[in-house]
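Right, one structure below, let's go through it.
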Amino acid sequence: MQQTAKILLIILVTFSMWGCGVYSFTGASIPPQANTFSVDFFPNNAPIVQPTLSQVFTDALKDKFSRQTNLRLTNGVGDLHFEGSITGYSVQPQAIGADDRAAQNRLTITVSVTFVNEFEPENDFEQRFSRFYDYDSRESLASIEPTAIDLIVEALVEDIFNRAVVNW
């Protein structure tokens, strides 16, 4: 009988958290009155422009919020709104080998983000986010770039999501 009471309590708590619209199991804390989100296109204003990066990043941010919240993507300005640009895309030597040559390179991508929460303006922010991918200097950038971009964008989007709606 005690086992049944525990199960019922878990179900009750689960439904009460789900029904209020404030919490999701991704850790997102979203105002209950928020219904929509919007993401403006993030242009690539970096000194080095990778041609597909803007679209890849913008789509990844939209996908993250579509998959992990109950918010609906809107073309106008949503209840939660993101805008910004890609401000950095660079490759630099990271580790020097015994022969004074780079043994490892680092691809770094930086984005500037402005976030507006229509219902909780105290959570608005303007912030730069940066992530990197290290790779062996014997590999060409072209050979690692698709994988590196995917991993960096995934990490950037996770950072932005957490900053915007995860209030731990």
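All of the numbers you see were taken from the coordinates with simple rules; none came from a lab. Bear in mind the structure is a predicted one, so any value in this text is a computation, not a measurement. Counting neighbours? That spans all protein chains shown, and the Cβs are built from the backbone with ideal geometry, glycine included.
Applying a DSSP loop filter and a limit of 12 other Cβ atoms within 10 Å to the trypsin sites (Lys or Arg not before Pro) in segment 39-118 leaves 101.
The residue among 50, 115, 127 whose Cα reaches farthest toward the positive pole of the charge dipole of segment 35-165, with charges on the beta-carbon of Lys, Arg, Asp and Glu, is 50. Remark: segment 67-75, residue by residue, has Karplus-estimated 3J(HN,Hα) of 6, 10, 9, 8, 6, 9, 5, 10, 7 Hz, where x stands for each Gly or Pro and the curve is 6.51 cos²θ - 1.76 cosθ + 1.60 at θ = phi - 60°. Between residue 154 and residue 123, the modelled label-to-label distance comes to 2.5 nm, taking each label 7 Å out from Cα in the direction of the beta carbon.
The calculated FRET efficiency for the pair residue 108 and residue 33, based on their C-beta separation and a Förster distance of 41 Å, comes to about 0.60.
Inter-part distance, segment 39-77 to segment 122-166, computed on C-alpha centroids, equals 13 Å. Computed from label points 7 Å out along Cα-Cβ, the spacing between residue 138 and residue 92 is 2.6 nm.
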